Amino acid sequence: MFRSPALRSFRMAAWLGWQIESNWTDPFLFAIYSIIKPLAAAGILVVMYRVVTQQAFDTPMFAYLYLGNAFYQYVSAVTTGVSWAVIDDREHYRTLKYIYVAPLNIPLYLFGRGIARFLTTTFAVLIIIAFGVWWLKMPLSLASIDWPLFLVSLLLGTIMLALVGLILAGVTLLTARHSYYIGDAVAGALFLFTGAIFPLEVLPAYLRPIGYALPITYWLELMRRALVGHVAQAFPTFSQVSNSQLLGLLALMTLALGLISWVVFRWCEQRAREQGLIDYTSNY
Amino acid sequence: MSAATATTPIPKNSGWRLFLQTVIGRAYPRVIGQQREKSWLIFEVLLPLINVAAYVYVYRAIGAPEDYVGFVVIGGAMIAFWMNVLWSMSSQLYWEKEQGNLALYIIAPTSLMAILLGMAIGGMIATLLRAGAIIALGTLLFNVHYVVINPWQLLAVFALTMVALYGLGMMTASVFLLFSREAWHYVNLAMEPVYLLSGFYFPLKNLGFWVALGASIIPLSLGLDAMRQLAFRSGPSLGFLSVPLEIAMLSVLSVVFLIAARWLLATLERLAREEARLTENRR
């Protein structure tokens with residue numbers, strides 16, 4: 001089974017990605033590095049919330065924004081992890097042309113490169129949630145978690161984010177080095193529209209359709225419902241939509257995204273080959 | 001081309017003229033490059049503005065006073081300067097080393113301090129345009145109201161903050177001469193934690209006295225706090241320290257960082273030469 005080019009591409013890329021991400025320092029420092037950024041991002045929201053509400057951390061609003069922000073860490077990590085590999089291999093290590101001549105499945109290779117960031121982000125998300133429960137008394141208990149919903153949503157969401165990353169990787173094939181933060185930039189932009197840290201009703205009415213068109217919105221809602229169902233349903237955005245309907249919507253959108261990302265990536269890849277951009281170093 | 005033209009001696013500058021020429025020469029690509037590469041409008045104005053909007057809507061969702069919206073807009077704009085210092089000052093010599101330009105800088109018959117100063121001034125001018133655009137658009141979109149009683153003091157605080165901040169950037173750029181692959185990670189690490197510690201999205205005093213005092217080593221912490229006190233009605237009641245005290249501290253930081261940058265640059269350049277790190281490339 002491990003001889004299949006597709007699986008081998010994924011497995012070796014995951015190992016390579018992990019080495020690149022982690023071997024620049026010792027494991028302890030790497031662990032600190034991996035959690036400090038997401039914890040600080042959560043800390044900003046905690047302080048903002050505390051300043052205004054006088055530490056009312058047991059409210060549905062706090063759980064909504066805290067969990068939304070925690071899971072949103074995956075958006076930046078997975079999309080950047082997949083798309084960044086193009087810049088890293090093409091401009092930094094200058095190995096992209098060798099990757100292309102090797103018997104590899106390129107999209108699966110790129111997905112594999114995103115695995116390392118997925119793993120470190122999972123570690124960070126667990127710590128953020130633990131901090132929220134133990135220190136901030138966020139209403140969440142292990143017994144009340146809907147585990148099947150949680151696991152299925154997490155899997156579907158990760159695939160969906162990797163597909164977004166593949167689209168960005170395709171775009172990155174056609175752009176210069178200075179677009180290295182395209183994953184972070186797109187994640188930052190979508191932060192506003194996906195209802196990650198506030199209910200969509202807070203947005204002006206003309207912006208809400210953008211949120212409804214994004215699969216990340218449904219994924220975040222599912223993750224909240226799986227962990228704290230009663231809190232998530234306290235907001236009107238999706239109160240009329242059942243869990244299975246949300247899951248169906250996310251699955252459909254992921255399927256559509258799969259087709260779109262395949263077409264976009266292949267088109268960008270063909271353009272990059274035609275224009276000689278596979279071994280391009282922009283040195284901008 | 002005539003023989004007379006071909007042999008016309010090129011006037012050479014030396015001393016302060018050469019220093020100034022180097023500063024202008026290094027600042028030039030920073031400013032002109034921005035005009036040629038229009039994608040910054042999307043990556044450095046539109047996307048940060050969307051990010052700022054997300055924090056504005058958090059405040060609106062939890063019913064914060066309207067001045068907090070202004071705090072977020074100003075903080076979001078100042079992030080542009082921090083990003084510029086991190087990615088285009090601190091780690092710049094590391095990038096130059098990666099691309100093989102650092103050795104050329106060292107070989108050139110000019111001062112490395114002038115090169116750093118040129119990077120700082122060029123970056124500051126280019127970023128000023130981006131930050132200005134974020135403030136203008138943020139103010140219009142979210143209807144931010146400013147109450148500026150002393151605009152000169154506000155301008156002085158901003159200028160001092162910039163001197164201290166870019167002095168810090170020059171200082172850390174020297175330290176990065178010794179770094180290799182880990183440089184990128186250290187810079188990456190100095191983003192969200194600094195957004196938190198410097199109070200980019202909330203008043204600094206909410207971190208508590210000792211944490212806020214520790215965070216004051218980053219000039220943007222004090223600069224932002226003073227600017228908010230001078231620009232918003234509720235600013236003085238939410239300030240960490242008095243504005244005159246913050247101005248005095250920023251002045252001290254400016255002098256200390258610039259002197260330290262000069263000393264560190266000389267010391268670490270010597271060390272990097274001795275340890276053969278100026279041309280190493282540990283990918």
*How about A:Lys97: which aspartates and glutamates have a C-alpha closer than 14 Å to its C-alpha, ignoring those fewer than 8 places off in the same chain?*
A:Asp88, A:Asp89, A:Glu269, A:Glu274, A:Asp279
*Order of A:Phe10, B:Phe232 from fewest to most other C-beta atoms within 10 Å?*
A:Phe10, B:Phe232
*chymotrypsin sites (Phe, Trp or Tyr not before Pro) within the stretch A:129-164: DSSP coil, no more than 14 neighbouring Cβ in 10 Å*: A:Trp135
*With no solvent and one point per C-alpha, what does the Debye sum give as log10 I(q)/I(0) for the protein assembly as shown at q = 0.09 Å⁻¹?*
-0.73
*In percent, how large is the relative contact order of the stretch A:5-274, given Cα pairs closer than 8 Å and 6 or more residues apart?*
27 percent
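What length, rounded to one decimal in nm, is gained on full extension from A:Val133 through to A:Arg3, with 0.36 nm per residue of separation minus their alpha-carbon distance?
Going from the current span to full extension adds 42.4 nm.
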*Taking the Cβ of each residue in A:Phe238, A:Phe30 as the centre, tally the other Cβ atoms inside 10 Å and list the residues starting with the fewest.*
A:Phe30, A:Phe238
*Taking 7 Å along the Cα-to-C-beta vector as the label spot, tell me the B:Phe209-B:Ala159 distance in nanometres, rounded to one decimal.*
3.3 nm
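Where does the stretch A:1-86 land on Rg(C-alpha)/(2.2 N^0.38 Å)? Write down the numbers at each step before the final one.
Details: Rg = 18.2 Å, N = 86, 2.2 N^0.38 = 12.0 Å.
Taking N as the residue count of the stretch A:1-86, the ratio is 1.52.
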*Between A:Asp58 and A:Val152, what is the label-to-label distance in nm when each label sits 7 Å out along the Cα-to-Cβ direction?*
3.3 nm
_If I model a spin label at B:Glu182 and A:Tyr212 as a point 7 Å from the Cα along the Cα→Cβ vector, what separation in nanometres do I get?_
5.2 nm
*Relative exposure of B:Trp16, A:Trp18, judged by other C-beta atoms within 10 Å (fewest first)*: B:Trp16, A:Trp18
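Using a Förster distance of 35 angstrom, determine the FRET efficiency expected from the C-beta separation of B:Thr7 and B:Thr279, and round it to 0.05.
Working: r = 35 Å, r/R0 = 1.01.
Efficiency at R0 = 35 Å is approximately 0.50.
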_To make sure I understand the rule: partners must be lysines, Cα under 29 Å from the Cα of A:Lys37, and not fewer than 8 residues away in the same chain. Which ones qualify?_
A:Lys137, B:Lys97, B:Lys205
*How long, wide and thick is the stretch B:167-246, going by the Cα atoms along their three principal axes, in whole angstroms, largest first?*
46, 22, 21
*Stretch in chain A that is longest and holds no trypsin sites (Lys or Arg not before Pro) that DSSP places in a loop and that have at most 16 other beta carbons within 10 Å*: A:138-284
*asked:* What FRET efficiency comes out for B:Ala136 versus A:Arg266 if R0 is 41 angstrom and r is the Cβ-Cβ distance? Round to the nearest 0.05.
replied: 0.50
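Which FRET efficiency value, to the nearest 0.05, is calculated for B:Ser14 and B:Arg270 with the Förster distance at 22 angstrom and r the Cβ-Cβ distance?
Numbers: r = 23 Å, r/R0 = 1.05.
So the FRET efficiency works out to roughly 0.45.
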_Whole-number percent relative contact order across the stretch B:22-274, with pairs defined as alpha carbons under 8 Å at least 6 apart_ = 28 percent
*Cα-based convex hull, the stretch B:22-274, per residue volume (Å³, whole number)*: 129 Å³
*Sorted from largest down, what three extents in whole angstroms do the Cα atoms of the stretch A:5-274 have along their principal axes?*
57, 42, 33
_Placing unit charges on C-beta atoms (Lys and Arg positive, Asp and Glu negative, everything else neutral), compute the dipole magnitude of the stretch B:22-274 about its Cα centre in debye, rounded to 20._
260 debye
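Taken together, the values in this text are just the output of simple stated rules run on the coordinates, not laboratory data. These numbers were taken from a predicted model, which means no experiment stands behind them. Backbone-built Cβ (ideal geometry, glycine too); neighbour counts: all protein chains shown.
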